[in-house]
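Here is the structure we will look at, set down as structure tokens.
The values are calculated or read from the model by the stated rules, or taken from the named source; none is laboratory data. Fair warning: this is a prediction, and the values are worked out from it, not measured in the lab. Because the Cβ atoms are built from the backbone with ideal geometry, glycine has one as well, and the counts that use them run over all protein chains shown. Accessible surface is based on the protein model in full, side chains and every heavy atom, while ligands, DNA and RNA are left aside. Shrake-Rupley method; radii C 1.70, N 1.55, O 1.52, S 1.80 Å.
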Amino acid sequence: MPSLKDLRNRIASVKATQKITKAMQMVAAAKLRRAQLAAEAARPFAERIDRVLANLAEGIGPGEGAPPLIAGTGKDDVHLLIVATAERGLCGGFNSSIVRLAREHIQSLLSQGKTVKIITIGKKGADILRRQYADYIIESIELRDVKTLTFEVADRLGKKLIEAFEAGEFDVATLFYSQFRSVIAQIPTAQQIIPAQLPERVKDGGVEAVYSYEPNEEDILESLLPRNVSVQVFRALLENAASEQGARMSAMDNATRNAGEMIKKQTLIYNRSRQAIITKELIEIISGAEAV
């Protein structure tokens, strides 16, 4: 049985840990609101640009005039996977769930004989994937020094992806991130961004809208398609930021409550041990007095 000093040290250590987890929970809660608002504000724009591109693409059709960012290269031999995770841990299963989805996709592609290339965004995802797929990682991007996620950050990556696609370095690009639902629900998502998977054309107000474009559809698509890649990357980063803070807030709340329960158990053990020692000392005193 541990001594009273060991029990006191253990209780003090758990209390210190509890203070840290409680502080991290409060910080995550403060950051979550701003990140959630940013993610929710980006969704309508990203969805609307997809709808516009779908209407434009329908006017062209899948023929020879379709841009490569929609029609693709005509093959899917080389797949580029962009895995976006967090820079830090202590956020529950947030990072591992994204990597698990990416790992399943990698295994499926490799079993089909496809060539796989990986770009990681975030230190944690890179660390996990490097254990098993180090040979497939072509670049690791860290955003530790980025204080505020702006469109320029995503635009740099989007332009880099387009340049690699135009150079024939890959045929299909898939983005992995976690979509924010609530503090306790984040959904790992795989989204193909090159060639773009556009939604079906929708009707506005129940009536199919007819649009007249100036200049023509080809010129507008040439301008919008590269921007759409950056928009989807930006949306994924914002969704990840909100999901990370939500997952961290939930994880630190659980850790704080678990620490409280551990403190209660250790305090109970400490009190029982102390009582047993006092009782033993009293018995020794009484026994000594009776012997005299």
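When Val27, Val78, Val52 are screened for being of a type in the set (A, V, I, L, M) and without any contact (Cβ under 8 Å) to a residue 12 or more places away in the chain, only Val27 passes. Looking at Glu214, is it at pLDDT below 90, in a loop (DSSP other than H, G, I, E, B) and open to solvent by 50 Å² or more (accessible area, probe 1.4 Å)? Yes; evaluated as a whole, the condition is true for this residue.
For residues that are of a type in the set (A, V, I, L, M) and in contact with a helix residue (DSSP H, G or I) (Cβ under 8 Å, 6 or more places away or on another chain), scanning just the stretch 252-292, find the one that is surrounded by the fewest Cβ atoms within 10 Å (Cβ to Cβ). The qualifying residue surrounded by the fewest Cβ atoms within 10 Å (Cβ to Cβ) is Ile277. On the basis of being outside any strand (DSSP E or B) and either modelled with pLDDT under 90 or in contact with a Leu (Cβ under 6 Å, 6 or more places away or on another chain) (or both), does Arg181 make the cut? So Arg181 does not fit the description; no.
Within the stretch 228-246, the residues that satisfy the criterion of being aliphatic (A, V, I, L, M), within 21 Å of Leu161 (Cα to Cα) and in contact with a strand residue (DSSP E or B) (Cβ under 8 Å, 6 or more places away or on another chain) are Val229, Val233, Ala236, Leu237.
Is one or more of the residues making up the stretch 46-67 out of contact with any helix residue (DSSP H, G or I) (no Cβ under 6 Å at 6 or more places or on another chain) and at pLDDT 85 or above? No; the residues of the stretch 46-67 include none that is out of contact with any helix residue (DSSP H, G or I) (no Cβ under 6 Å at 6 or more places or on another chain) and at pLDDT 85 or above. Restricting the first member to the stretch 158-181 and to residues that are in contact (Cβ under 8 Å) with a residue 12 or more places away in the chain and within 24 Å of Arg100 (Cβ to Cβ), and the second to residues that are among the basic types (Lys, Arg) and open to solvent by 10 Å² or more (accessible area, probe 1.4 Å), the beta-carbon pairs closer than 7 Å and six or more apart or on different chains are Phe170/Lys117.
Could you tell me whether any residue of the stretch 153-174 is in a strand (DSSP E or B), under 24 Å from Arg51 (Cα atoms) and either among the basic types (Lys, Arg) or under 17 Å from the mean Cα position of the chain (by Cα) (or both)? Yes; the residues of the stretch 153-174 include at least one that is in a strand (DSSP E or B), under 24 Å from Arg51 (Cα atoms) and either among the basic types (Lys, Arg) or under 17 Å from the mean Cα position of the chain (by Cα) (or both).
With respect to Ile128, is the statement that it is touching a strand residue (DSSP E or B) at 6+ places or on another chain (Cβ under 8 Å) and among the hydrophobic types (A, V, I, L, M, F, W, C) true? Spelling it out, it is not the case that Ile128 is touching a strand residue (DSSP E or B) at 6+ places or on another chain (Cβ under 8 Å) and among the hydrophobic types (A, V, I, L, M, F, W, C).
Out of everything in the stretch 129-141 that is of a type outside the set (Gly, Ala, Ser) and farther than 22 Å from Gln192 by Cα, what residue ends up being surrounded by the most Cβ atoms within 10 Å (Cβ to Cβ)? This residue is Arg130. With respect to the conditions (1) part of a helix (DSSP H, G or I); (2) under 20 Å from the mean Cα position of the chain (by Cα), Thr120 falls short on a single one, namely (1).
Taking first residues from the stretch 273-292 that are aromatic (Phe, Trp, Tyr) and partners that are in a helix (DSSP H, G or I) and at pLDDT 85 or above, no Cβ contact under 6 Å between residues at least 6 apart in sequence or on separate chains turns up.
Only residues that are of a type in the set (Asp, Glu) and more than 20 Å from Gln186 (Cβ to Cβ) were counted in the stretch 88-145, giving 4. Screening Gly74 on (1) small (Gly, Ala, Ser); (2) modelled with pLDDT under 90; (3) in a helix (DSSP H, G or I); (4) open to solvent by 50 Å² or more (accessible area, probe 1.4 Å) shows it passes everything except condition (3). Name the one entry in Val172, Val146, Val153 that is touching an Asp or Glu at 6+ places or on another chain (Cβ under 8 Å) and either open to solvent by 90 Å² or more (accessible area, probe 1.4 Å) or of a type in the set (Val, Ile, Thr) (or both). That would be Val172, the only listed residue that is touching an Asp or Glu at 6+ places or on another chain (Cβ under 8 Å) and either open to solvent by 90 Å² or more (accessible area, probe 1.4 Å) or of a type in the set (Val, Ile, Thr) (or both).
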